[in-house]
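Read the structure below first, then the notes.
The values are calculated or read from the model by the stated rules, or taken from the named source; none is laboratory data. Being a predicted model, the structure only gives us computed values, none of them experimental. Heavy atoms of the whole protein, side chains included, go into the accessibility calculation; ligands, DNA and RNA do not. Shrake-Rupley method; radii C 1.70, N 1.55, O 1.52, S 1.80 Å.
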Amino acid sequence: RISRGSFVCLYAGQIVLQDEAEARAERSGAYLFDVRQGRGWLCVDGFAHRGVSSFINFGCAPNLKPGAVTLQSGRTLIGFFASRDILRGEELTYVRDPEARMADDGLPCFCGSENCRGIY
């Protein structure tokens, strides 16, 4: 069991500037993840340097929440934390963008949640 609030893993990848992130988003093969940090954004491309977080899927009833992890060195990374207690064998999921509206060009969601938005 993973207790609510526990650190689960880091989102591994290359930290990129906004211009580079936008250019990569236009090409295929980029796993971009943005998280708010202070007044700005931190963007990590997880395609080239994949870790265990590469296997975490999107879901409409997530059990993980992303957040900034700041090391003693001052370096900031993206981590996943349990948003509720997670049982053994339960799939780990997070919301790609909780503020997003369903868009016609989104990818179909197959999470199976009662609250599934149908698109992520």
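What the table shows:
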read-out: Residue that is most open to solvent (accessible area, probe 1.4 Å) [pool: residues in segment 67-84 that are of a type in the set (A, V, I, L, M, F, W, C) and at pLDDT 90 or above]; value: Phe81
read-out: Candidate set from segment 24-50 (those that are of a type in the set (Gly, Ala, Ser) and open to solvent by less than 40 Å² (accessible area, probe 1.4 Å)); member that is modelled with the lowest pLDDT; value: Gly29
read-out: Residue within segment 85-108 that is at pLDDT below 85 and either polar (S, T, N, Q) or not in a loop (DSSP other than H, G, I, E, B) (or both) present; value: yes
